[in-house]
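What follows is a short report on a single structure.
The values are calculated or read from the model by the stated rules, or taken from the named source; none is laboratory data. Please read these numbers as outputs of a predicted model, since none were measured by experiment. When we count neighbours, we look across all protein chains shown, and the Cβ atoms used for this are built from the backbone with ideal geometry, even at glycine.
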């Protein structure tokens, strides 16, 4: 994924919004690190596409508010053997 960084940031944000994806899911889909995804959508995107940045910021805040619930579900699956 070695193209223009600004284009990559827009693609990552669009994918995350369309699929309501987490940073980890987007990183896995595009084959980059989650640090790269996070930096692209939280720092670089602000200067490239402000409306898209606002949308993805809202999604990131939602994902953060749900993080403890997802962690509990994952732990339950781990110990139940699902």
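Of the residues that make up the range 32-43, is at least one part of a helix (DSSP H, G or I), touching a residue at least 12 places away in the same chain (Cβ under 8 Å), over 11 Å from the mean Cα position of the chain (by Cα) and within 18 Å of residue 18 (Cβ to Cβ)?
No, because not a single residue in the range 32-43 is part of a helix (DSSP H, G or I), touching a residue at least 12 places away in the same chain (Cβ under 8 Å), over 11 Å from the mean Cα position of the chain (by Cα) and within 18 Å of residue 18 (Cβ to Cβ).
Taking the range 1-15 only, how many residues are assigned to a loop (DSSP other than H, G, I, E, B) and crowded, with 19+ Cβ neighbours inside 10 Å?
0
Contact list please: Cβ distance under 9 Å, first residue in the range 11-22 and within 16 Å of residue 65 (Cβ to Cβ), second residue at pLDDT below 95 and not in a helix (DSSP H, G or I), pairs at least six apart or on different chains.
Listed by first residue and then by second, the contacts come to 16/22.
With the requirement that a residue be more than 18 Å from residue 61 (Cβ to Cβ) and not in a loop (DSSP other than H, G, I, E, B), what does the range 16-31 give you?
In the first step, residues of the range 16-31 are kept if they are more than 18 Å from residue 61 (Cβ to Cβ); the result is 27-31.
Residues satisfying the conditions are 27, 28, 29, 30.
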